[in-house]
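Notes to accompany the following structure.
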Amino acid sequence: MPLPLRAPGGGRLSPRAADALVAGVVLLVVAVWTLVSAQYTSEPALRTALGWALILTGCGALYFRRRQPVAVAVVTLLACVVYYPLSAQDGPLMIAFALALYTTAAEGRFAAAVALAAVTLLAVGFGEIRQQPGHRQIDDTSLAMLAGWLISLVAVGRAQRTRIAYLHEVEQRALAAEREQEARARQSATEERLRIAREVHDVLGHSISLINVQSGAALHRLGKKPAPEAGLVTATEALEAVKATSKDALRELRATLGVLRRADEATPTTPSSGLALLGDLAARARSAGLDVRTHTTGTPVPLPPPVDLAAYRIAQESLTNVTRHAGARTVSITLDWGAETVRLRIADDGGGAPEGRPPGSGIRGMAERARAFGGELTARNVDGGFLVDARLPLTPPAPPAAPVSPGTATESTTSTKPTASERDSR
């Protein structure tokens, strides 16, 4: 498998063009050498014509050396066997056989190359043995040099074959590594987009739902045409609640969009929200008319920031669902601190989710958050309302050594990742 030749312009020649060029160069060398030798020797015209025919045959066969390496080596060898005893010019037609023998080994026909080299050496040795004493054309030293020359041609061809195979393997490994790197980059980008989408959904969905409920309640009261003083108080309370909610939404949104910062900006070390702000979250829900009660059992311990944020987002999304869909009056948030896990339960006294309806993007997002840290989440109708029950480990598991290939789904009590077309939260 010889290396491809390069064209004068810097590009690579096609395999056939390269073979034609090599055959033409060999023919030129042999022809010039033969013409020079013809000036010092003479022979019948018939022998001269036959010699040139053998030269053309041997050199022309090199055009097919990579497509039929063994056949070309045999043809060039037979041409040499007939040419040298016949012609007095004694041109270097052996170059054609040498190149054909090398190509045979380089193209992976190692056994055939060894056999042809052995046959050549035996034929030359047998021919010399039959010569009369004092009439030998090749002495013992030249015969040994011929053997070394043939072995070298086969060995170099074999080495070239091994080198090309090694380079091909290296190239394939590089391509495979590049494809794997691109796949990992695409997977990381997809996961990051989904994470950002989930964060934005949780922040905006919760805050806008509260603003909508607060504004709707104020408009409903004002629609009854109360006294000017009472109407002013109602509007003021509603605007203050909207202002506080929108302020919190802007704060969390800025923190979430921080993942899109420039590469030279510092990475935030803690999330903008956590269970420490659960009281503020409950207060905002109360401003929307819900009776939110919080209960804590066990001994609270500091959570890793990602787990702390996940627990807060689950509570936030649950309250958003209650505000938008449940029609509930009372919500109970219970934190149960255990030795290895923290259990978060959000129960309401609303109408629950419609039977047979698949979970919406909000519930799927909560389940994904829990699974991301080795936890679990269930969301189901219960007697008198709806319950979201999440368990999160106090210490999240170490990330896997190898990335999960795109398209692999993990079974859980809920559906897989949300699609952009799904808008319902429950």
query = Take the residues of region 94-130 that are open to solvent by 80 Å² or more (accessible area, probe 1.4 Å) and not in a helix (DSSP H, G or I): which is modelled with the highest pLDDT?
reply = 109
request  = Please identify the pairs in which a residue from region 377-398 that is closer than 16 Å to residue 360 by Cα has its Cβ atom under 8 Å from the Cβ atom of a residue that is surrounded by fewer than 16 Cβ atoms within 10 Å (Cβ to Cβ) and acidic (Asp, Glu), counting only partners at least 6 apart or on another chain.
outcome  = 381/355
ask   = Under 8 Å by Cβ, and 6 or more places apart or on different chains, what pairs join a residue from region 136-156 that is more than 26 Å from residue 107 (Cβ to Cβ) and open to solvent by 50 Å² or more (accessible area, probe 1.4 Å) with one that is modelled with pLDDT under 80 and not in a helix (DSSP H, G or I)?
value = 137/131
task = Working only within region 287-308, note down all residues that are in a helix (DSSP H, G or I), closer than 18 Å to residue 393 by Cβ and open to solvent by 30 Å² or more (accessible area, probe 1.4 Å).
result = 305, 306, 308
message = Pairs please, first residue from region 70-89 and under 20 Å from residue 38 (Cα atoms), second anywhere and outside any helix (DSSP H, G or I) and of a type in the set (Asp, Glu), Cβ atoms under 6 Å, 6+ apart in sequence or on different chains.
response = 88/43
inquiry  = From the list 203, 242, 213, exactly one residue is among the β-branched types (Val, Ile, Thr), modelled with pLDDT of 75 or more, surrounded by 15 or more Cβ atoms within 10 Å (Cβ to Cβ) and assigned to a helix (DSSP H, G or I). Which is it?
reply    = 242
task = Sort out which residues of region 277-286 are more than 45 Å from the chain's Cα centre (by Cα) and open to solvent by 60 Å² or more (accessible area, probe 1.4 Å), and write them in order of number.
result = 286
remark   = Restricting region 331-385 to residues that are part of a loop (DSSP other than H, G, I, E, B) and hydrophobic (A, V, I, L, M, F, W, C), the one least open to solvent (accessible area, probe 1.4 Å) turns out to be 353
note = Conditions (1) in a helix (DSSP H, G or I); (2) modelled with pLDDT under 90 -> residue 91 fails only (1)
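The values are calculated or read from the model by the stated rules, or taken from the named source; none is laboratory data. Remember, predicted model here, so these are calculated numbers, not experimental data. Neighbour counts run over all protein chains shown; Cβ positions are idealised from the backbone, glycine included. The accessibility values were calculated without ligands, DNA or RNA, using every heavy atom of the protein model including side chains. Shrake-Rupley method; radii C 1.70, N 1.55, O 1.52, S 1.80 Å.
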